[in-house]
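Each remark here refers to the structure printed beneath this line.
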Amino acid sequence: MNTRAETGTSAKDDLAAWIAPSRSALVIIDMQVDFASPQGVLGRSGMDMSVVEPALAAAQRLAEGARTAGTPVIFVGLQTRPETDSPAWKERMRRRGGSPEDDSNLCREGQPGADFHGPTPAPGELVVPKTRYSAFHGTDLDAALKARGIDTLVVCGLTTECCVDSTVRDAFHLDYHVFVASDACAAYEPDLHEGALKSLDLNCAMLVTSDQVLAAWRE
């Protein structure tokens, strides 16, 4: 996929300034056992977890590169409890003919399924628990970013069309400059991944590759 940062020389030249460590943060979304490991809820249900492995590896490289460059790394993870389960989500599942109980144990707080899988937080790195798709909904992420003087986000994670998409749109509406590391995101269906990236690129983010981000952080 061609990205905006790939299509113009000036864009490539500007990327190092746009995502400079002094103003940016790497946000890793929902790379957790239940979403990404064969041992998680989705893996045990028969979902092919091999589709997310390249994104996990790319996100790991981004985390390492960010730490070397001095860019803050922020981990966002779904952490659910019975009392935080969404009534609207349950009713939507019921109306679609599904069973809300099918995923009732997804990323339960304190259970192995909620653990990060692939890149994991280093000591002192910010970890933001959430109960909905967006990393900004009902969390202190916005306040934490502003307190650090961050106005630019490099986003990666799972899944592209769901929690990544929701987070990126909310970030844009909160006036952050948003870059999506396209190869460090994944969906369980390729068309969902590609469609979500196309929509985000059109409306509220710029698409980059992990190699482009790492090269910019090395400058």
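Each row is one residue, and each column tells you yes or no for (1) aromatic (Phe, Trp, Tyr); (2) surrounded by 15 or more Cβ atoms within 10 Å (Cβ to Cβ); (3) at pLDDT 85 or above.
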position	(1), (2), (3)
Glu6	no, no, no
Val41	no, yes, yes
Leu56	no, yes, yes
Glu83	no, no, yes
Arg95	no, no, yes
Pro100	no, yes, no
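List pairs: first residue in the stretch 55-76 and farther than 19 Å from His193 by Cα, second residue among the basic types (Lys, Arg) anywhere in the structure, Cβ distance under 8 angstrom, at least six positions apart or on different chains.
Pairs found: Gly65/Arg218; Ala69/Arg218; Pro72/Arg148; Val73/Arg67; Val76/Lys130.
If you go through the stretch 149-158 one residue at a time, do you hit one that is surrounded by fewer than 16 Cβ atoms within 10 Å (Cβ to Cβ) and not charged (D, E, K, R)?
yes
Could you check how many residues of the stretch 173-185 are farther than 14 Å from Val27 by Cα and out of contact with any Cys (no Cβ under 9 Å at 6 or more places or on another chain)?
Count: 2.
Is there a residue being over 15 Å from the mean Cα position of the chain (by Cα) and β-branched (Val, Ile, Thr) anywhere in the stretch 114-122?
No, the conditions are met nowhere in the stretch 114-122.
For Arg61, state whether it is within 16 Å of the chain's Cα centre (by Cα) and basic (Lys, Arg). First the steps, then the outcome.
Details: within 16 Å of the chain's Cα centre (by Cα): yes; basic (Lys, Arg): yes.
When the stated conditions are applied, Arg61 passes them.
The values are calculated or read from the model by the stated rules, or taken from the named source; none is laboratory data. Since we're looking at a predicted model, the values are computed, not measured. In this analysis, Cβ positions are derived from the backbone assuming ideal geometry, glycine residues included, and neighbour counts consider all displayed protein chains.
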